[in-house]
1. Restricting to the stretch 45-54, name every residue that is touching a strand residue (DSSP E or B) at 6+ places or on another chain (Cβ under 7 Å) and in a loop (DSSP other than H, G, I, E, B).
2. With the condition kept exactly as written, say whether any residue in the stretch 20-27 is of a type in the set (Ser, Thr, Tyr), surrounded by 10 or more Cβ atoms within 10 Å (Cβ to Cβ), touching a residue at least 24 places away in the same chain (Cβ under 8 Å) and touching a helix residue (DSSP H, G or I) at 6+ places or on another chain (Cβ under 6 Å).
3. Just one of Asn18, Asn72, Asn31 is in a loop (DSSP other than H, G, I, E, B) and under 26 Å from Ser86 (Cα atoms); which is it?
Amino acid sequence: MARGKTNTARRSRRGLGNRIIIPRRKTSELNGLSEIPFKDVELLKNYITERGRILPRRITGNTAQTQRDLRNAIKRARNIALLSFSEGYIPQD
């Protein structure tokens, strides 16, 4: 094989052997909703980590628009004290 030419088929299948990988189509229950209810705390807790971070799109399976709506709903619920900013937060009396 000439020095400047590479085999693209070999490069794209490196480490996979003869397996064909079909990506799984991710879907979320929020994709069908027209508006995400920010008062539904149990629903929003499914999209937050233990440390209070919002899960990314690639994990939740949301569309871009649904992920933006989810982000706004979580932030709104945090601001009116329905959700805490982190799970370990203990309010001071």
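Just so it is clear, none of the values below were taken in a lab; they were calculated from the coordinates. Treat the numbers as computed from the prediction; the structure is a model and nothing was measured. Every residue, glycine as well, gets a Cβ built from its backbone with ideal geometry; the counts of neighbours run over all protein chains shown.
1. The one that is touching a strand residue (DSSP E or B) at 6+ places or on another chain (Cβ under 7 Å) and in a loop (DSSP other than H, G, I, E, B): Tyr47.
2. Checking the stretch 20-27: not a single residue is of a type in the set (Ser, Thr, Tyr), surrounded by 10 or more Cβ atoms within 10 Å (Cβ to Cβ), touching a residue at least 24 places away in the same chain (Cβ under 8 Å) and touching a helix residue (DSSP H, G or I) at 6+ places or on another chain (Cβ under 6 Å).
3. Numbers: Asn18 fails: under 26 Å from Ser86 (Cα atoms); Asn72 fails: in a loop (DSSP other than H, G, I, E, B).
The conditions single out Asn31.
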